[in-house]
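Have a look at the structure below before the remarks.
No value in this document is a laboratory result; all are computed from the given coordinates. Note that this is a predicted model, so its numbers are computed, not measured. Don't worry about glycine lacking a Cβ; one is built from the backbone with ideal geometry, like all the others, and counts go over all protein chains shown.
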Amino acid sequence: MLYDDGRIACDDEALVIRRYYPWGAKRIPYRAIVSVTRRQMEVVSGKWRIWGSGDLRHWWNLDPSRPGKDVVLILDVGGRVLPCITPDHPDQVARLLAEHGAPGSSPTDSGV
């Protein structure tokens, strides 16, 4: 395991988003990630979204500690729904995604 904070994990082949579905995790192979956008979270942009979706486009895995976080990584995996993750160490996850070929996932990418 390259990264694991209990909710988000990265291994040699994929990103794993735990508590994505009510019944379990979502595993996304790195090759399936079209792009990654890094954004600062605000109250209106997901900071208080604990789980689910408010707009049926962005999907947030269960993360009760999200209100205390500032950065979201929005993943384009080629579908309508964009998984939104808030790892405990977003720079480390962004770096791992970039190392595995995910476009736009540089830790310094502002995503704006």
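Of the residues PRO90, ALA14, VAL72, the one whose Cα sits farthest toward the positive end of the charge dipole of the chain, with +1 on the Cβ of Lys and Arg and -1 on the Cβ of Asp and Glu, is VAL72. The protection proxy used here, the mean number of other Cβ atoms lying within 10 Å of each residue, ranks peptides 42-53, 75-86 as follows, highest first: 75-86, 42-53. Which of (i) -0.71, -0.79, -1.28; (ii) -0.47, -0.64, -1.64; (iii) -0.62, -0.77, -1.32 is the computed log10 I(q)/I(0) by the Debye sum over Cα atoms at q = 0.14, 0.16, 0.24 Å⁻¹ for the structure on display? Recomputing log10 I(q)/I(0) by the Debye sum over Cα atoms at q = 0.14, 0.16, 0.24 Å⁻¹ here gives the entry labelled (ii).
Residues whose amide H lies under 5 Å from that of SER35, counting only those 5 or more places away or on a different chain, are ASP76; hydrogens are built 1.01 Å from N in the peptide plane. Amide H contacts for TRP59 (H built 1.01 Å from N in the peptide plane; partners 5 or more residues away or on another chain; cut-off under 5 Å): LEU82, CYS84. Between GLU99 and LEU2, the modelled label-to-label distance comes to 0.6 nm, taking each label 7 Å out from Cα in the direction of the beta carbon. With contacts taken as Cα pairs under 8 Å and at least 6 residues apart, the chain reaches a relative contact order of 26 percent. Basic side chains Lys and Arg get +1 at the Cβ, acidic Asp and Glu get -1 at the Cβ, and with that the dipole of the chain about its Cα centre reaches some 440 debye. Relative contact order, whole percent, for the range 37-84 stands at 41, derived from Cα pairs under 8 Å and 6 or more residues apart. Taking Cβ atoms as reference points and 13 Å as the exclusive limit, the residues near VAL81 contribute a net charge of +1, counting Lys and Arg as +1 and Asp and Glu as -1.
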